[in-house]
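Undergrad: Please find one structure pasted underneath; my questions will follow.
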Amino acid sequence: MGARLAAAVHLDHPVTRERIILQPGDEPEPEVAALITHPDAWEPDDELDDQAPEDDDDPE
């Protein structure tokens, strides 16, 4: 499963040069995804959230 967009993105397809509009929830092809560099355009990566260290330093 590829990366999923969190926001609408307007860009030119890298091969066809056709103007495309991607919607939130879309999973663009890798060559198209490579053109989308703004981090806020993407949904958070669940795998990274699963690997986040837990805060065990809490004295309670």
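Every number in this text was worked out from the coordinates using simple rules, so none of it is lab data. Bear in mind that the values here come from a model prediction, so they are computed numbers and not experimental data. Please note: Cβ atoms are built from the backbone with ideal geometry, for glycine as well, and neighbour counts cover all protein chains shown.
Undergrad: Could you tally the net charge around ASP26, taking each other residue with its Cβ under 11 Å from the Cβ of ASP26, Lys/Arg +1 and Asp/Glu -1?
TA: Details: positive: ARG4; negative: GLU27, GLU29, GLU43.
Counting the neighbours of ASP26, the net charge comes to -2.
Undergrad: While we're on this one: Using a simple spin-label model with points 7 Å from Cα along the Cα→Cβ vector, what separation in nm is obtained for ILE21 and ASP40?
TA: Going from the ILE21 label point to the ASP40 one covers 2.0 nm.
Undergrad: Give me, ordered by chain and number, the residues 5 or more places off ASP26 or on other chains with an amide H under 5 Å from its own placed amide H.
TA: Those lying under 5 Å, H to H, from ASP26 are LEU5.
Undergrad: How much net charge surrounds HIS13 when only the other residues with a Cβ under 12 Å from the Cβ of HIS13 are counted, with Lys and Arg +1 and Asp and Glu -1?
TA: On the way: positive: ARG17, ARG19; negative: ASP12, GLU18, GLU29, GLU31.
Charge balance near HIS13 sits at -2.
Undergrad: Taking 0.36 nm per residue of sequence separation and subtracting the Cα-Cα distance, how much length would be gained by fully extending the chain between HIS13 and GLU29, in nm to one decimal? Let's see the in-between values first.
TA: On the way: separation 16, 0.36 × 16 = 5.76 nm, distance 1.01 nm.
The span from HIS13 to GLU29 would gain 4.7 nm if fully extended.
Undergrad: Using the 10 angstrom Cβ neighbour count as an exposure proxy, how do ARG19, ARG4 rank, fewest first? Don't skip to the answer; put the middle values down first.
TA: Details: ARG19 9, ARG4 15.
Arranged by neighbour count, lowest to highest, ARG19, ARG4 become ARG19, ARG4.
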